[in-house]
Amino acid sequence: MTTENLSIDHLIDALLSDSPIKQRYAVDVLGRMADERAMDALVTVLRDGQGKWNTQIIKALIKIGEPSVPPLIQLLSHSDRQVWALAAAALVKIGEPSVLPLMVALPNADEQARLLIVETLGQLGDERAVVPLVQLLVTDKSDARTVAAIALVRIGKAAIPPLVELMVEFNSSGLRRTSIEIIKRMGDEAVDTLLGAVRHGTELERQQAALILGEIGQAAVPGLIRSLEHPNQYVRYAAAWALGRTASPDAVPGLIERLRDTMASNFSGQRVCDVAALSLRAIGTPEALAAVEEWERR
């Protein structure tokens, strides 16, 4: 047996001993060494110990890195708040190697671990987690849905297309509202993706994206104004409708131009000019109202 092996074995024995002095020495040395062979012993002390060396042990497991991920995920079910909180923080610190094991563990995790896994995936911000997180919005309990919504906001724009699809596919006003609120909270980051859905999506996707852009408000206005010139009348209609929801005076000149747009929309049978007039009334500036009055006289 080599000197190195003896050293590791002796340190592990010291770590698992009943002597606080030996344990402290072993934790310090093993933390600096970051040797995978000590991982099981470190996890055992963390799981079964008295909390004396928890912070030092977590630092050692973080240094060991990817091999520590599976036992750290198991510790998310621990009854001691300090242990599971440190385990979750360590998984975030280890980073990308934690993502796939967390996703694999999610379906069969107990309630506490499920919430922690979802929160950790949100902090990691990896777009690979979008699909299982969106699925939680559909299938899981309210507390998990709330945590999943926060995680999706953290992940950002990669979550928008499946959320738009979710609004279209599921006949649930509560789920639709949840999806809208998640995307709204992304704010400016969501605008370009939603504008893409308005310009290139299906009719239902266009409707939902226009709705959210209207609720996002001012950050969406420049892109919506540009969409008023789109060659597709359905896109122009959606943009004109969304601009009314923003109530932005910046939209008035572009909407006045659309008062001459008599192309029909398949949203409701209205023409583009009809919805432009409605939006101008909603904005309500003197210029907007005067333009609508003149349009009505014509």
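Some notes on this structure:
- Extension gain for residue 229 to residue 100 (0.36 nm times residue separation, less C-alpha to C-alpha distance): 42.1 nm.
- Relative contact order for the chain: 8 percent, from Cα pairs under 8 Å spaced at least 6 residues apart, divided by residue count.
- Fully extending the segment from residue 247 to residue 82 would add 54.5 nm, taking 0.36 nm per residue of separation and subtracting the current Cα-Cα distance.
- For residue 270, the residues whose amide H sits under 5 Å from its own are 265, ignoring neighbours fewer than 5 places away on the same chain, with H placed 1.01 Å from N.
- Among the lysines of the chain, pairs at least eight places apart or on separate chains and with Cα atoms under 15 Å apart come to 4.
- Euclidean distance of C-alpha centroids, segment 43-117 and segment 205-271, integer Å: 48
- Listed values for segment 270-284 are Karplus-derived 3J(HN,Hα) couplings in whole Hz (6.51 cos²θ - 1.76 cosθ + 1.60, θ = phi - 60°), namely 5, 8, 4, 5, 5, 6, 4, 5, 4, 5, 4, 5, 5, 5, x, and x replaces Gly and Pro.
- Helix-derived mean residue ellipticity, 222 nm - over the chain, DSSP H n ≥ 4, -39500 (n - 2.57), to 500: -22000 deg cm²/dmol
- Loop GluC sites (Glu not before Pro), segment 207-285 (other Cβ atoms within 10 Å of the site Cβ: 16 or fewer; DSSP): 229
- Karplus (6.51, -1.76, 1.60) ³J(HN,Hα), θ = phi - 60°, over segment 71-80, in Hz, Gly and Pro reported as x: x, 5, 5, 4, 6, 5, 8, 5, 6, 7
- Taking one quarter of the surface of the convex hull spanned by the alpha-carbon atoms of segment 57-182 gives a direction-averaged projected area of 7.2 nm².
- Taking the square roots of five times each eigenvalue of the Cα gyration tensor of the chain, the equivalent ellipsoid has semi-axes of 58, 16, 14 Å, listed largest first.
- Think of the chain as a dipole: +1 on every Lys or Arg Cβ, -1 on every Asp or Glu Cβ, centred on the Cα centre; then among 7, 30, 197, 197 lies furthest on the positive end.
- If the chain linking residue 262 and residue 150 were pulled fully straight, counting 0.36 nm for each residue of separation and taking away their Cα-Cα distance, it would gain 36.1 nm.
- Once the C-beta distance of residue 47 and residue 215 is scaled by a Förster radius of 35 Å, the resulting FRET efficiency is 0.15 to the nearest 0.05.
- Taking the C-alpha atoms of segment 186-298, convex hull volume expressed per residue in Å³: 79
- Taking 177, 81 and counting other C-beta atoms within 10 Å, the order from fewest to most: 81, 177
Bear in mind that the values in this text are calculations on the coordinates, not laboratory data. Just so it is clear, the structure is predicted and the values come from calculations on it, not from any experiment. FYI the Cβ positions are ideal-geometry reconstructions off the backbone, even for glycines, and counts take in every protein chain you see.
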